[in-house]
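J.: The structure follows.
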Amino acid sequence: MKKINQEIFSAINKFSSFVSHELKNSITVIKNAVYCLENSEKNYNKKQREMLLFLNKEVDRTYSKIVSLLDDTRVKYLNMQIVDIGEFVHKILLEVKDKKFKFNVNIRDNVKASVDKNRFRQVILIIIDNAKGAMPNGGNISIGVYSLKYKVVVDIKDYGCGMNKETLKKCFNPLFTTKRFQLGMSLAVAKHIILMLGGKIEVKSLINKGTKFVIDLPKA
């Protein structure tokens, strides 16, 4: 299964690179066309100017999506640093504050592991986003950071809809998703990153009880 998933990642990487290249070219053409329209006519009415502004924003948003797609499928090189994981996770939580969600935090001090900060941040954000998605009306998310002998443990638990056995079995598989308009790569990428960091990630879930992700990393 691990070999199959690696082959899927490789195929997706090549495909996304090709598609992204083609889309970037098209977006550049659209962006230039909008620029020309904006500067070729000075007497646009309010509605027309709002439409041009909307086009510009949508082009920028689409470009960001393409960059995100490439970032999700290209995990090749790591910039490893010794990091205080508790402090690092706490900073991430400050970034993702949301009135609908309350973070119940239990973070131990001076718990260090060697990670790529950008990639590890990506993993935490993926799991938190998954937790929020399981509780569309808001709720509590519990986060713990602590050490056990030779490893650092990060656990993130939501109290949402949970996953059935079939979804639980497949949730880390590339291209598997139960959500509309989703690529189904986020959790697969999260697992791929954690494995590259020398750790492991596991998940437990019960329907209508919630889901808990547990990340183990080698202690620095």
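J.: Using a 1.4 Å probe on the protein heavy atoms, what percent of the accessible area of the stretch 147-220 belongs to carbon and sulfur?
T.: Working: 2350 of 4300 Å².
Here it works out to 55 percent.
J.: Taking each pair of distinct Cα atoms in the stretch 118-214 once, what is the resulting Kirkwood hydrodynamic radius in Å? If you can, show how the numbers build up before the last one.
T.: Numbers: mean 1/r = 0.0725 Å⁻¹.
13.8 Å is the Kirkwood radius here.
J.: Filter the cross-link list LYS157/LYS219; LYS157/LYS200; LYS117/LYS209 down to pairs whose alpha-carbon distance in this structure exceeds 20 Å. Walk me through the intermediate numbers first.
T.: Values: LYS157/LYS219 22 Å; LYS157/LYS200 17 Å; LYS117/LYS209 31 Å.
Those over the limit are LYS157/LYS219; LYS117/LYS209.
J.: Beta carbons within 10 angstrom, averaged per residue: use that to sort the peptides 167-174, 202-209, 141-148, highest first.
T.: 141-148, 167-174, 202-209
J.: Of the heavy-atom accessible surface of the stretch 77-130 (probe 1.4 angstrom), what whole percent is carbon and sulfur?
T.: Values: 1470 of 3310 Å².
Roughly 44 percent, rounded to a whole number.
The values are calculated or read from the model by the stated rules, or taken from the named source; none is laboratory data. Just so it is clear, the structure is predicted and the values come from calculations on it, not from any experiment. Positions of Cβ are generated from backbone atoms using ideal geometry, with glycine treated the same way; all protein chains shown enter the neighbour counts. Heavy atoms of the whole protein, side chains included, go into the accessibility calculation; ligands, DNA and RNA do not. Shrake-Rupley method; radii C 1.70, N 1.55, O 1.52, S 1.80 Å.
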